[in-house]
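The values are calculated or read from the model by the stated rules, or taken from the named source; none is laboratory data. Only a predicted model underlies this, so the values are computations on that prediction, with no experimental measurement involved. Positions of Cβ are generated from backbone atoms using ideal geometry, with glycine treated the same way; all protein chains shown enter the neighbour counts.
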Amino acid sequence: MAKKAVKKATKKVVKKAVAKKAVKKVAKKATKKAIKKAPAKKVKRKANPALFKPVTPSAALAEVVGSKPIPRSEVVKKIWVYIKANKLQDSKNKRMINADAKLKPVFSGKGQVSMFEMAKHLSKHLK
């Protein structure tokens, strides 16, 4: 009889343990779902004020964008307007910009520059 009682007791303990684990798993899943479904607070990013600080273009760059101090963002916009207006983008590889007489001094004498290099060359001509 003692063996039967021990078996019954162990079965009850095992059932309770299994039930507890199941409850923990269900609770864990529920909290994960709640976290996923909770709307994330959208924090509006602030632009770096250095972008809006007026900078003075060099004489070579002033031929394209003008000589007045303007923010970096406006310099890049004006360069792109100039590039598009004069069709200076390479027809086969749009990432490359062909320099004309005004842009060659800005691009350190190079005839062709990639879009990504352009920022590097522009920064040398801004104070």
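Name the single residue, out of those in the stretch 30-72 being modelled with pLDDT under 85 and small (G, A, S), that is surrounded by the fewest Cβ atoms within 10 Å (Cβ to Cβ).
A40
Considering each residue of the stretch 97-127, count those that are farther than 20 Å from V55 by Cα and surrounded by fewer than 16 Cβ atoms within 10 Å (Cβ to Cβ), and give that number.
10
So, A85, is that one closer than 16 Å to H121 by Cα and surrounded by fewer than 12 Cβ atoms within 10 Å (Cβ to Cβ) or not?
Against the criterion (closer than 16 Å to H121 by Cα and surrounded by fewer than 12 Cβ atoms within 10 Å (Cβ to Cβ)), A85 does not qualify.
Name the residues in the stretch 103-127 that are assigned to a loop (DSSP other than H, G, I, E, B) and in contact (Cβ under 8 Å) with a residue 40 or more places away in the chain, would you?
Answer for the stretch 103-127, where residues must be assigned to a loop (DSSP other than H, G, I, E, B) and in contact (Cβ under 8 Å) with a residue 40 or more places away in the chain: P105, V106, H125, K127.
Select from the stretch 51-76 the residues that are among the β-branched types (V, I, T) and assigned to a loop (DSSP other than H, G, I, E, B) and list them in ascending order.
Matches in the stretch 51-76: T56 only.
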